[in-house]
Amino acid sequence: MSQLRAIQDEDLPTWLPRLAGNKGPRFLQIADALQAAVADGSLKPGDRLPPQRRLAAQLHVDLTTVTRAYDEARRRNLLEGRGARGTYVAAPKVELNPILDLSMNTPPPPDGVDFGDLLKQGLSQVLMRADSASLMTYHLGGGSDSDRKAGAAWLAPMFGSLDSGQIVVCPGAQAAIAALILALTEPGDVILAEPMTYPGLRAAATQFGRRIVAVEADQHGMLPEMLEEACRQHQPGLVYLNPTLQNPTAVTMPEGRRKELAGVAQRCAVRIVEDDPYWLLADAPPPPIATFAPERVVYISTLSKCLTPGLRAAFVLVRDPQVRERFLAALRSFALMVAPLSAALATQWILDGSADGLLAGVREEARLRHRMARDILAGRYSGAGDGLHVWLELPAYWNSSQLARAADSEGIAVTPAEAFATGSGSVNAIRISLGSIQDRGRLQAGLQRLSHLLARRPEPFSAAVV
């Protein structure tokens with residue numbers, strides 16, 4: 001129906017205009033009218049809204065339309081339900097913590113993607129094809145057959161066709177890293193890594209009594225000759241690498257360097273853990289290191305950095321069957337399984353194409369945010385134009401810890417270089433994460449505030465006396 005039947009003004013709530021079929025979905029017209037009425041004071045916090053059935057009858061629309069409108073208004077924090085008493089205009093939310101968080105690497109929310117709808121659709125499909133009782137009980141570690149097949153599909157852009165039996169499904173990349181440390185090293189063993197590396201590696205190694213030794217790197221990543229020398233000197237249990245849009249430096253290791261490092265691993269009989277969360281976000285990344293030394297490299301790809309951390313799922317490619325068994329045994333000692341409902345939802349999204357659509361949206365939003373950072377930070381920006389973060393080298397009059405404290409005092413959270421350091425050398429830089437602030441306008445404000453802070457010299461420290 002292109003036009004709704006005419007409605008007498010007195011039949012409608014005073015805040016609600018007539019609906020027209022040519023002005024978009026009717027549920028959005030109702031939600032927009034609610035938002036406008038709250039903004040102009042026609043509706044005030046505590047006002048009771050008409051019951052959904054009554055409003056549907058007044059507007060000559062079906063109940064589902066009004067239900068969707070009220071749900072959308074709740075999503076916008078306009079309404080609150082009070083059980084049998086009905087639905088009321090919500091009090092405005094007071095933001096008690098106005099921090100602009102540029103410290104956490106999370107995927108930015110894709111433009112136009114409604115996670116509520118995506119969850120409802122995905123979970124409805126899961127519940128249609130799965131026995132609900134099986135989703136609420138214990139599962140064998142490593143994932144179901146369908147979960148591992150989804151993992152093979154997720155890794156296909158990196159490796160092509162894979163045997164799903166070589167894939168282990170884990171509750172996140174951090175759990176995978178911890179289990180690999182337990183499986184492949186002994187207390188007191190050395191783990192080799194780049195001078196700046198993922199803090200989760202250091203946290204796990206410290207807890208398990210392993211020692212991280214830094215291997216020199218250049219603008220292309222870890223130096224092969226230095227890795228070979230370190231292998232001879234330390235006899236490491238494993239080597240940890242993050243070769244694509246490296247965290248924190250945002251360096252993508254070129255293909256030639258990857259081949260050389262794979263060659264060192266084979267000559268020195270050392271295993272590499274290739275933690276590669278950003279490969280699918282990168283623009284034309286080289287093949288993984290695991291391509292060049294399949295039996296020597298364990299490959300980790302997490303959904304947390306490309307889709308959403310809420311899924312808590314990572315796919316680990318382990319081609320050596322003995323390593324796979326040791327890895328599974330270590331993983332079961334502290335993380336028996338991925339939550340079955342999360343695993344089933346991840347599998348559903350991968351197999352029905354929702355994950356690809358979400359990934360494309362995240363990738364496009366990340367690129368938009370990099371362009372914003374490049375424009376605002378001007379000559380200081382040195383990002384790759386993709387991924388989730390920027391590694392910002394600081395002017396000499398700032399050091400990274402000092403800047404992080406100054407930024408915090410102005411309501412901005414950034415991560416100083418010290419959080420990533422594995423060696424004794426110091427780097428004067430900070431990591432800026434571009435995805436953790438959902439609203440693009442607030443991100444712009446945070447980057448502008450940070451740019452102004454960088455442009456001025458630090459003030460002398462003075463302790464407060466109270």
Exposure of residue 104 as accessible area (Å², to 10), given a probe of 1.4 Å and all protein chains: 110 Å²
Probe 1.4 Å, protein heavy atoms only - accessible area per residue of the chain in square angstrom: 47 Å²
Net +/- balance of residues flanking residue 165 in space, Cβ distance below 13 Å, scoring K and R +1, D and E -1: -1
Protection-proxy order for peptides 271-283, 112-124, each taking the mean of Cβ atoms within 10 Å per residue, highest first: 271-283, 112-124
Whole-percent carbon and sulfur share, accessible surface of region 104-250, 1.4 Å: 53 percent
Cβ-defined net charge surrounding residue 295, 12 Å radius [Lys, Arg +1; Asp, Glu -1]: +3
Residue (of 171, 201, 293) at the positive-pole extreme of the chain, dipole from beta-carbon charges: 171
List 260, 228, 80, 393, ordered by accessible area with a 1.4 Å probe, largest first: 393, 260, 80, 228
Where 44, 23 fall by accessible area, highest first, once all protein chains stay in place (1.4 Å): 23, 44
Angle in degrees between helix 26-40 and the longest Cα principal axis of the chain, rounded to the nearest 10: 80 degrees
Helix 400-409 vs. the chain, principal-axis angle (Cα, 0 to 90°, nearest 10): 20 degrees
Partnerless Cys - the chain, beta-carbon criterion under 4.7 Å: 170, 306
Listed residues 88, 299 arranged by accessible area, highest first, probe 1.4 Å: 88, 299
Whether region 313-355 is rounded, prolate or oblate, judged on the alpha carbon gyration tensor where a/c under 1.5 counts as rounded: oblate
Spread of Cα-to-Cα distances over 5 Å intervals beginning at zero, given as percent, for region 23-139: 2, 9, 14, 16, 16, 14, 13, 10, 5, 2, 0
Percent antiparallel among DSSP beta bridges (both partners in the chain, rounded to 5): 60 percent
Overall dimensions of the chain as given by Cα atoms, namely Rg and Dmax in Å: 26.0, 87
Calculated log₁₀ intensity ratio I(q)/I(0) where the Debye formula runs over C-alpha points of region 211-293, q = 0.21 Å⁻¹: -0.96
Orientation-averaged projected area, Cα convex hull of region 116-167 (nm²): 4.8 nm²
The chain: angle of helix 255-268 to the longest principal axis, Cα-based, in degrees nearest 10: 50 degrees
Radius of gyration and Dmax over the Cα atoms of region 102-203, both given in Å: 18.0, 50
Cα Rg over Rh - region 292-415, Kirkwood: 1.08
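The values are calculated or read from the model by the stated rules, or taken from the named source; none is laboratory data. All values reported here derive from a predicted model rather than from experimental measurement. So basically every Cβ, Gly included, is an ideal-geometry build from the backbone, and we count neighbours across all protein chains shown. Accessible surface areas use protein heavy atoms only, side chains included; no ligands, DNA or RNA. Shrake-Rupley method; radii C 1.70, N 1.55, O 1.52, S 1.80 Å.
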